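A.B. asks: Quick one: the structure is below, questions incoming.
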């Protein structure tokens, strides 16, 4: 093989990077200024340093992303590969690779005695992605390739799902406009809930900074979530399960929803009876920590169970293909 590959270029992605690297830092710079000049903020210098540092990090990340957007280039020439990034080029011999770690639906990391590099496979179009996977799999020693079975198992599932255009029972055909509508249906209530959370916390603790953060975090988190979900849908659309079906089939999500409802009830009771409670702020923070901790514990445990199941199914699929100990799998 002798070819060069560039990442998919999207004006929407470029606009999002420009937005994140200009408008968002400006917001945090203003927040840092207010924190420094507001006499009610307990540690103004520390608070302003945090906000300004975060703004600087966002701006630097934006500059890096823009440079990578225009400069990134992967060149494969027979048994060598080079990756040009924002600030330089890394060259590596595929025959000298001591470890090739395949990350499902994401990337492949290559390591040799003299160099390391990572290729974000998810950033390329389908034909380039498939060409790189085939060449790397066939050229690199199978003995040093880690998690190939799991990678190709999930890659084939992804390809099969994207090839489907007709939804089945409890499924829908999702286009990017689907998440545009959900931004209004679910995003607006979420923003209102976060702002209400900030108001309640401010009334209980007297810390106005928490209220300011809530009024920034709500819209930012909503826009980031919308952008991520929208970008994850191919232009031709994708068949997905209905949200109600996903919730019914996921005990961890059901548990998270129940805990969220219980926490909301506790907050409502604290607001109603705050005059009779000695320290409502402490009770509120305790309930928030317990609720969030229990949700994270259940979600992480479910994720570990899903990973073990995926690995088991991937090994079974590799055994059926007769390539459990190596070999080249056809990408279909």
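A.B. asks: Mind checking Rg over Rh on the stretch 1-48, alpha carbons, Kirkwood formula for Rh?
C.D. replies: Rg/Rh: 1.41.
A.B. asks: Restricting things to alpha carbons, find the Rg to Rh ratio for the stretch 171-321 using the Kirkwood radius for Rh. Before the final figure, lay out each step's value.
C.D. replies: Working: Rg = 19.7 Å, Rh = 18.4 Å.
Rg/Rh: 1.07.
A.B. asks: What percent of all Cα-Cα pairs in the stretch 1-83 falls into each 5 Å bin, going from 0 up to the bin containing the maximum distance?
C.D. replies: 3, 15, 16, 13, 11, 10, 9, 7, 6, 4, 3, 2, 1, 0
A.B. asks: Just order 80-93, 168-181, 128-141 by mean Cβ neighbour count inside 10 Å, highest at the front, would you?
C.D. replies: Packing order, densest peptide first, comes out as 128-141, 80-93, 168-181.
A.B. asks: Averaging over all projection directions, find the projected area of the Cα convex hull of the stretch 89-192 and quote it in nm² with one decimal place.
C.D. replies: Mean shadow area of the hull around the Cα atoms is 10.0 nm².
A.B. asks: OK, next. Just the Cα atoms of the chain, one point each, no solvent: what log10 I(q)/I(0) does Debye give at q = 0.11, 0.14 Å⁻¹?
C.D. replies: -0.99, -1.33
A.B. asks: With only alpha-carbon pairs counted, each pair once and no self-pairs, how large is the Kirkwood hydrodynamic radius of the stretch 2-153 in angstroms? Mind dumping the intermediate values first?
C.D. replies: Details: mean 1/r = 0.0558 Å⁻¹.
After inverting the mean inverse Cα-Cα distance, the result is 17.9 Å.
A.B. asks: Additional query: Full-extension gain between residue 144 and residue 1, please, as 0.36 nm times their residue separation minus the C-alpha to C-alpha distance. Intermediate results must be reported in sequence, preceding the final value.
C.D. replies: Working: separation 143, 0.36 × 143 = 51.48 nm, distance 2.10 nm.
Contour length minus Cα-Cα distance gives 49.4 nm.
A.B. asks: May I pose another question? Just from the alpha-carbon atoms, what are the Rg and Dmax of the stretch 125-175 in angstroms?
C.D. replies: Values for the stretch 125-175 (Cα only, Rg and Dmax): 14.7, 43 Å.
A.B. asks: Between residue 14 and residue 242, what is 0.36 nm times their sequence separation minus the Cα-Cα distance? Round to one decimal in nm.
C.D. replies: Taking residue 14 through residue 242 to full extension adds about 79.1 nm, to one decimal.
A.B. asks: Rounded to the nearest 0.05, what FRET efficiency is calculated for residue 66 and residue 276 with R0 set to 45 Å and r the Cβ-Cβ distance?
C.D. replies: Here the calculated transfer efficiency is 0.20.
A.B. asks: Take every Cα pair under 8 Å in the stretch 2-153 that's 6+ residues apart, average their separations, divide by the length, and report that relative contact order as a whole percent.
C.D. replies: 20 percent
A.B. asks: Right, another one. Can you give the FRET efficiency to the nearest 0.05 for residue 43 and residue 264, using r as the Cβ-Cβ distance and R₀ = 30 Å?
C.D. replies: The value I calculate is 0.50.
Rule-based calculations on the coordinates, nothing more; no lab input. On a predicted model such as this, the values are computed, not experimentally measured, just so you know. Positions of Cβ are generated from backbone atoms using ideal geometry, with glycine treated the same way; all protein chains shown enter the neighbour counts.
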